[in-house]
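The values are calculated or read from the model by the stated rules, or taken from the named source; none is laboratory data. Since we're looking at a predicted model, the values are computed, not measured. Please note: Cβ atoms are built from the backbone with ideal geometry, for glycine as well, and neighbour counts cover all protein chains shown. These area figures cover heavy atoms from the full protein model, side chains too; ligands, DNA and RNA do not enter into them. Shrake-Rupley method; radii C 1.70, N 1.55, O 1.52, S 1.80 Å.
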Amino acid sequence: QVQLVESGGGLVQPGGSLRLSCAASGSIFSINFMRWYRQVPGKQRELVAAMNGGGITYQLDSVKGRFTISRNNAKNTVYLQMNSLKPEDTAVYYCNVELWSGNDYWGQGTQVTVSS
């Protein structure tokens with residue numbers, strides 16, 4: 001079992017920055033992939049960025065050069081640094097971890113709103 005607690009969402013103006021955090025606890029030694037998804041009401045959840053122990057494995061084209069996924073193993077935390085935010089980045093952002101067993105777990109979601 002893995003528990004995930006997200007933080008860092010909020011309201012920001014276009015062009016601004018936010019950093020999302022996702023703190024993991026529990027069976028963290030068995031984590032393989034760590035991912036960030038986002039979802040807008042009425043649309044499917046989409047994968048924003050992913051990484052494993054070898055580094056970044058995926059970035060959504062529309063966020064390349066603006067968003068960066070990273071992890072701090074000492075703090076068991078994965079981050080999503082979001083720069084140059086646009087109104088179309090507005091969504092609920094979810095942290096997801098996949099264990100080596102194939103099981104995956106989700107955070108509670110954090111709202112990001114980009115608006116002037």
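Annotations
- Per residue solvent-accessible surface (Å²) - the range 1-113, probe of 1.4 Å: 52 Å²
- Net charge dipole size for the chain [Lys, Arg +1 and Asp, Glu -1 on Cβ; Debye, nearest 20]: 180 debye
- Here's the picture: charge each Lys and Arg Cβ at +1 and each Asp and Glu Cβ at -1 in the chain, and of S62, G107, G15 the one pushed furthest to the positive end of that dipole is G15.
- S27 long-range amide H proximity, modeled H, under 5 Å: V2, Q3
- For the chain, radius of gyration divided by Kirkwood radius, i.e. Rg to Rh on alpha-carbons: 0.96
- If you run the Gaussian network model on the chain, springs between alpha carbon atoms under 10 Å, then out of L80, L18, L60 the most flexible one is L60.
- Span from the the range 70-106 Cα centroid across to the the range 14-39 one, whole angstrom: 2 Å
- Fraction of accessible area attributable to carbon and sulfur, the chain (%, probe 1.4 Å): 48 percent
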